[in-house]
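**Q** Take this structure first; my questions come after.
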Amino acid sequence: MELEALRSIYEGDERFRELSPVSFQYRIGENGDPKAFLIEISWPETYPQTAPVISMDAFFNNTISASIKQSILDKLMTEVDVNLGTAMTYTLFEYAKDNKELFMENQPAYVAPSGGNNISVGTPDVVSSSKKKDKKEQLSKTQKRKLADKTDHKGELPRGWNWVDVIKHVSIFTLFS
């Protein structure tokens, strides 16, 4: 039921992402905001009787210091303890949104990305599918050349490039009318 509620509440919200039916990400703050951060919540099999796994290991959070990440996670875990036994994913996302300024008040404008400070809390028995990244489709040299030959210097297709298809479609339509 919570899954359906989350889907309907966050439908069309670009900051919410469902990684799997038991794993979700939510970006707190706007895209260009240096104090924005990403929270990932995964449900173990015994959720909501047990605490969800809350993680800030996403690449998006590399500019946030480890102490700030741990502070955010500690405050979220306090909220988890209060809501244990109930559906709490929406509550945690909203709590983080409401307290963003408080969470990030000690965060400097820029911190050099840190490599190995993976921080997460909760039960680690959930295997996250977020580790797998979809590969972007690569074009071969021949495909790139054909695409470049079709377009002008601005990358636009020339006027009338699909007129033959329109004429074929119209002639077929008139035959069957």
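**Q** Name the residue from TYR90, MET77, SER67 whose Cα lies farthest towards the positive end of the charge dipole of segment 1-103, charges +1 on Cβ of Lys and Arg and -1 on Cβ of Asp and Glu.
**A** Comparing the listed Cα positions along the dipole, SER67 ranks first.
**Q** Determine the distance separating the Cα centre of segment 12-55 from the Cα centre of segment 80-103; give it in Å without decimals.
**A** Between the Cα centre of segment 12-55 and that of segment 80-103, the gap is 11 Å.
**Q** May I ask for the net charge around GLU79, where only other residues with Cβ less than 13 Å from the Cβ of GLU79 are counted and Lys, Arg are +1 while Asp, Glu are -1?
**A** In short, -2.
**Q** With the other protein chains left in place, how much accessible area per residue, in square angstrom, belongs to segment 1-103 at a 1.4 angstrom probe?
**A** About 49 Å² of surface per residue is accessible.
**Q** For VAL82 and THR50, what is the calculated FRET efficiency with R₀ set at 22 Å and r taken between the beta-carbons, to the nearest 0.05?
**A** 0.90
**Q** On to the next question. Using a Förster radius of 22 Å, what is the FRET efficiency between GLU137 and ARG17 based on their Cβ-Cβ separation? Nearest 0.05, please.
**A** 0.60
**Q** Any idea how far apart TYR90 and ASN62 come out in nm if each label point goes 7 Å out from Cα toward Cβ?
**A** 3.5
**Q** Where does each of 34-40, 44-50, 7-13, 138-144 land if you order them by average Cβ count within 10 Å, highest first?
**A** Highest to lowest by the protection proxy: 34-40, 44-50, 7-13, 138-144.
**Q** Here's another thing I want to ask about it. Quote to one decimal, in nm, the extra length available between GLU30 and LEU3 on full extension: 0.36 nm per residue of separation minus the C-alpha distance between them.
**A** So the extension gain works out to 7.3 nm.
**Q** Report in % the part of the accessible area of segment 1-103 that belongs to carbon and sulfur, leaving out ligands and nucleic acids; probe 1.4 Å.
**A** That fraction is 53 percent.
**Q** For LYS146, which aspartates and glutamates qualify as cross-link partners when the Cα separation must be under 18 Å and same-chain residues fewer than eight apart are set aside?
**A** Within the straight-line limit of under 18 Å, LYS146 reaches these aspartates and glutamates: GLU137, GLU156.
The values are calculated or read from the model by the stated rules, or taken from the named source; none is laboratory data. Keep in mind that what you see is a predicted model, and the values were worked out from it rather than measured. Positions of Cβ are backbone-derived with ideal geometry, glycine not excepted, and every protein chain shown enters the neighbour counts. Areas reflect the complete protein model, heavy atoms only, side chains present, ligands, DNA and RNA absent. Shrake-Rupley method; radii C 1.70, N 1.55, O 1.52, S 1.80 Å.
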